[in-house]
Protein chains: 2
Amino acid sequence: MPASIHAVAARAGVSVATVSRSLTAPRTVRENTRARVLVAAAELGYEPNRAARGLITGRTGNIGVIAPDLGNPYFHAVLKGAQARAREADYAVFVADGQEDAGEEEALIRAMGKQVDGIVLCSSRLAPDTLARLDPTPTLVLLNRRVPGRPSVVVDSAGGICLAVRHLAELGHVRCAFVAGPRRSWSNRERLRGLRACTRAVGAELVTIGPVAPQFTSGAAAADRVLETGATAVLAYNDLVAVGVLSRLAELGVRVPDELSVVGFDDIPLAAMVTPPLTTVAAPTELAGRVAVEALLDRLQDGAAQRPAAVQRLPTTLVVRSSTAAPALTRTTTALRSA
Amino acid sequence: MPASIHAVAARAGVSVATVSRSLTAPRTVRENTRARVLVAAAELGYEPNRAARGLITGRTGNIGVIAPDLGNPYFHAVLKGAQARAREADYAVFVADGQEDAGEEEALIRAMGKQVDGIVLCSSRLAPDTLARLDPTPTLVLLNRRVPGRPSVVVDSAGGICLAVRHLAELGHVRCAFVAGPRRSWSNRERLRGLRACTRAVGAELVTIGPVAPQFTSGAAAADRVLETGATAVLAYNDLVAVGVLSRLAELGVRVPDELSVVGFDDIPLAAMVTPPLTTVAAPTELAGRVAVEALLDRLQDGAAQRPAAVQRLPTTLVVRSSTAAPALTRTTTALRSA
DNA sequence: TCGATCTCTGAAAAGGTTTACAAGAGTGTA
DNA sequence: TACACTCTTGTAAACCTTTTCAGAGATCGA
């Protein structure tokens, strides 16, 4: 029912090849002719049939985004950025949920592979060698993960967490706890690395707890252990975990930030919504999605295989809200906790 | 590079037609033959080329999901359910963000229409006649919206909010406020309808505030006006708004639930994460996504056009947490508020 | 035994686009 | 004039699958 390239060709008085060229390789056809074609196409409301095009070019015009957990707010912003950039380039975006499971993730890559030109793989839980061994098609771009030979976009986790440590040090904290994220997570390792270097630099003590799943409930469960460490400040793997800590502390009657300072990571919207609003390291999440798609699009160009796979590092900033303050000289609720 | 149907046919010693039939209409080919084909296909790792299939069938094997705002946690659960069901049926899911804008939403439907067999349109902001006038292709299924002639899946908003009102009435509240959502939102009208009927039934007073955008910040802004009404309980359009109210109340030093009870709607994960945890009407969100895709898949069957468009209503439940309690006889923080 | 019916299979067309190749026109050079 | 270009366009093949149509063989009833 919709107009085909033949209809346009007939209307413009040219061959179908000329119509095709007018649309996909404008420079190869005389300007005059092209104008005629464009008018005819517009009049008929012609849009190339993507299936037919895909059949011959081998391209789908789609890209995929795979996240470990679509329920994690972090990815919504990524998705939003990715989708916006993709739409600009006339690509459509598939999404899928890896369910925090390496096997599922690999299956998803294969299943999705047939239908997309490339995939943005967010915070992959896959082992490095699995990742390296995957087929060259579809093209992969890694987000928050570095693997030799694969293009990737990462957020400066180490630098960001260092900002947080310095902030705490300036407030007078000398003993900090870290609630660690998944062992498979590259981001977690980066944060830990930054943390170790930076606490040493400012002369603070560091106690790590975990690893825990990057979720609210894990944070709530970890709060008690944080208190046991005697730390006056706690940094969490991400905001979700930090909010979990916050929630449990409220339950226990531990006042934040007076008795314990709490810092998150990511700056998801939730961070500003809780009480008290969370001090956190802000990652440019939407931008990251955008940049990842940008990198993917670039990778899809002819001859991209020759160029080396680039790694782009995005800067982070510290957002100071109300969950951090100078440590109290004494903790008033010790009795309450042991009750 | 990947195996084509011809390779499979050659290996199995049959024609391509037989291979095709073995895979798409198993009953039309002798069991013996089919087994041979299946073995050959498995050995070669054959997977039908979707573009070629789409070219001839006119189907894409994709479905789309459009939400007014991908940043709203409500849709993540919808998306999760939709994606899971779609994957079971070997469909892939496109997502797009309507940006709370009717024009953008319509453009999206058109753009996406070429690449999908059907669309699940969540909480559409489109005017009823626009919605009715849209092309029959792609097939549309509405979520949380009812329009004559269109299949839809709705959550029992009116019934759910009635549960909440009864809960408040039992606690002794006689004056309730409602922070209303977008005027274009069908869900909002339903909630308001249920609210009016139910408050009348239990003999409570109702004051409405708004409409406001369905976001955290709107809730925060509305909190002051809620206090002015003198209501002892407030129901919000959704959890995001409720959490905004909560946040502002904490800032003002108004204790929840002692001085004011707060009720949300949707039961997004956030509802359990805030302090105090939010009493809310739980919508079966993930299920809704699932059911909507189910309805879409059904609608995609041959001859579905004859059948009338069904409306499915999903039940809601009340989740009582800690943000509701019996009203205090006096409000102790009046002075604080006016300060 | 003959014809009718049914079951299974193959040949070939069709679907809409891109692109290799060829051809024609025009331009500049020897 | 002949030649070698470039520029522009058209013809036709190719992409891979589904599906129509027809044919071959088998079964069944008369």
Quiz item: Can you list the residues of segment A:204-227 that have at least 50 square angstrom less accessible area with all protein chains present than in their chain by itself, probe 1.4 Å?
Solution: A:PHE216
Practice problem: With a 1.4 Å probe and every protein chain kept in, tell me what percent of the accessible surface of segment B:110-223 is carbon plus sulfur. | Solution: 52
Quiz prompt | In Å², nearest 10: area of B:THR60 left accessible to a 1.4 Å probe | solution = 40
Quiz item: Going by accessible area, probe 1.4 Å, with all protein chains left in place, what is the ranking of B:ASP117, A:ASP298, largest first?
Solution: A:ASP298, B:ASP117
Quiz item: Going by a ≥ b ≥ c, the root eigenvalues of the Cα gyration tensor, does chain B fall in the rounded group (a/c under 1.5), the prolate group (a/b larger than b/c) or the oblate group?
Solution: prolate
Self-check item: About the Cα centre, charge dipole magnitude for segment B:31-102 (Lys/Arg +1, Asp/Glu -1 at Cβ), debye
Solution: 400
Quiz item: Given just the C-alpha atoms of segment B:1-83, how large is their convex hull per residue in cubic angstrom?
Solution: 144
Quiz item: How big is the protein assembly as shown in terms of Cα radius of gyration and Dmax, in angstroms?
Solution: 28.0, 89
Practice problem: Could you rank A:GLU259, B:GLU294 by how accessible they are, 1.4 Å probe, largest area first? | Solution: B:GLU294, A:GLU259
Quiz item: Which residues, if any, in segment A:103-126 have at least 30 Å² less accessible area in the whole protein complex than in the isolated chain, probe 1.4 Å?
Solution: A:LYS114, A:GLN115
Practice problem: Pop out the ³J(HN,Hα) list for segment B:121-133 in order, Karplus 6.51 cos²θ - 1.76 cosθ + 1.60 with θ = phi - 60°, rounded to Hz; leave Gly and Pro as x. | Solution: 9, 8, 6, 4, 8, 6, 5, x, 6, 4, 4, 6, 7
Exercise. Give the accessible surface of chain A per residue, rounded to a whole number of Å², with probe radius 1.4 Å and ligands, DNA and RNA excluded.
Key: 43
Quiz item: Carbon and sulfur together cover what percent of the accessible area of segment A:5-48 at a 1.4 Å probe radius?
Solution: 51
Exercise. Kindly compute the accessible surface that chains B and A hide from a 1.4 Å probe when together, both sides summed, and give it to the nearest 100 Å².
Key: 3100
Exercise. With a 4.7 Å Cβ cut-off, tell me which Cys residues in chain A come up empty for a partner.
Key: A:CYS122, A:CYS176
Practice problem: Per DSSP H run of n ≥ 4, the term is -39500 (n - 2.57); total these for the protein assembly as shown, divide by its residue number, and report the mean residue ellipticity at 222 nm rounded to 500 deg cm²/dmol. | Solution: -14000 deg cm²/dmol
Quiz item: Once you sort the root eigenvalues of the Cα gyration tensor of segment B:171-267 as a ≥ b ≥ c, which label holds: rounded (a/c under 1.5), prolate (a/b larger than b/c) or oblate (the other case)?
Solution: oblate
Quiz prompt | Within segment A:3-69, trypsin sites (Lys or Arg not before Pro) in DSSP loop having at most 10 other beta-carbon neighbours inside 10 Å | solution = A:ARG30
Quiz item: Hey, what does the equivalent ellipsoid look like for segment A:5-48, semi-axes from the Cα gyration tensor as sqrt of 5 times each eigenvalue, largest first, whole Å?
Solution: 14, 10, 9
Quiz item: By its C-alpha gyration tensor, with a ≥ b ≥ c as the square roots of the eigenvalues, how is segment A:50-130 shaped: rounded for a/c under 1.5, else prolate for a/b larger than b/c, else oblate?
Solution: oblate
Exercise. Mind checking which of A:GLY149, A:THR33, B:GLN83 is farthest towards the positive end of the protein assembly as shown's charge dipole, using Cβ charges of +1 (Lys, Arg) and -1 (Asp, Glu) about the Cα centre?
Key: A:THR33
Quiz item: How do B:ASP239, B:ASP129, A:ASP101 rank by accessible surface area computed with a 1.4 Å probe, from largest to smallest?
Solution: B:ASP129, A:ASP101, B:ASP239
Self-check item: Label geometry 7 Å along the beta-carbon vector: A:LEU171 inter-copy distances in nm
Solution: 3.2
Quiz item: When only alpha-carbon atoms count, how far does segment B:18-160 stretch along each of its three principal axes, as whole angstroms with the largest first?
Solution: 56, 31, 27
Practice problem: Run the dipole for the protein assembly as shown about the Cα centre, Lys and Arg Cβ at +1, Asp and Glu Cβ at -1, nothing else charged, and hand back the magnitude in debye, nearest 20. | Solution: 1280
Exercise. Name the residues whose placed amide hydrogens come within less than 5 Å of the amide hydrogen of B:LEU318, ignoring near sequence neighbours (fewer than 5 apart) on the same chain.
Key: B:ALA282
Exercise. Run the numbers on segment A:5-48 and let me know its relative contact order in percent, using alpha-carbon pairs under 8 Å that are six or more apart.
Key: 42
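The values are calculated or read from the model by the stated rules, or taken from the named source; none is laboratory data. Note that the coordinates shown come from a computational prediction; the quantities given were computed from them, not determined experimentally. Please note: Cβ atoms are built from the backbone with ideal geometry, for glycine as well, and neighbour counts cover all protein chains shown. Areas reflect the complete protein model, heavy atoms only, side chains present, ligands, DNA and RNA absent. Shrake-Rupley method; radii C 1.70, N 1.55, O 1.52, S 1.80 Å.
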